[in-house]
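Colleague: Take a look at the following structure, please.
Read the figures in this text as sums done on the coordinates, not as results from a lab. Quantities reported herein were computed from a predicted structural model and do not represent experimental measurements. Heads up, the Cβs are rebuilt from the backbone with ideal geometry, glycines too, and the neighbour counts pull from every protein chain shown.
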Amino acid sequence: MKRLLMLILLAVAASSAWAGLARPLAHDEAAEQRMLAITRNLRCLVCQDESLAASQAGLARDLRAEVRKLIERGYTNQQVIDYLVARYGNYVRFRPPFDAETWALWLGPYLLLFVGLGALGLTIRARRRRREAPLDEAELARAQALLARHGELE
């Protein structure tokens, strides 16, 4: 039993020593920096609120590898972005352009704000116009009796 435990500990120690230092992901440091610059502005399709550069999702790692390959093939930054947008749509961008597909995304919050302010204005206007109905004789007599009972009516 003691030998088995020693073998397991030796295997664990050897595997961690064998792992060594992390190798760089790209052969060229400039290409790696370009990849990071591009993927910081692109959305992880799995995480949705995290950039491709920061995400640890499997799809994000695959897309970073794809971006590296495109950079190595000589694509410009814009060509890489255009390739990913053509493949995944404008959703892959954190800041999609203002166009026919995304106008609601850009103008929607303002439209909702104006509709809400308009509804608030109409409600306030309607309340101001509404008059309270005067009390009839029975309600007036009841109110005077309540006030007299509490000594507030002279």
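Colleague: If I model region 103-149 as equal point scatterers sitting on the Cα atoms and use the Debye formula, what is log10 I(q)/I(0) at q = 0.20 Å⁻¹?
Modeller: Here log10 of I(q) over I(0) equals -0.76.
Colleague: Taking the simple approach of a point 7 Å from Cα along Cα-to-Cβ for both Glu101 and Gln79, what is their distance in nm?
Modeller: According to this spin-label approximation, the distance is 2.1 nm.
Colleague: Turning to a different aspect of this structure: Restricting things to alpha carbons, tell me how big region 35-95 is in terms of Rg and Dmax, in Å.
Modeller: Cα-based Rg and Dmax for region 35-95 come out at 10.2, 29 Å.
Colleague: Report the gain in length on full extension from Glu137 to Phe94: 0.36 nm times residue separation, minus Cα-Cα distance, nm rounded to one decimal.
Modeller: So the chain would gain 8.7 nm between Glu137 and Phe94.
Colleague: Starting from the exponent 0.38 and prefactor 2.2 Å, build the expected Rg for region 27-154 from its residue count and divide its actual Cα Rg by it.
Modeller: My calculation over the Cα atoms of region 27-154 gives 2.27.
Colleague: Then there's this: Fully extended, how many nm does the chain gain between Glu50 and Ile124 (0.36 nm per residue separation, minus their Cα-Cα distance)?
Modeller: Here the segment from Glu50 to Ile124 would lengthen by 22.4 nm.
Colleague: Using a 10 Å cut-off on Cβ atoms, rank the peptides 57-65, 33-41, 90-98, 129-137 from the highest mean neighbour count down.
Modeller: Order by mean packing, descending: 33-41, 57-65, 90-98, 129-137.
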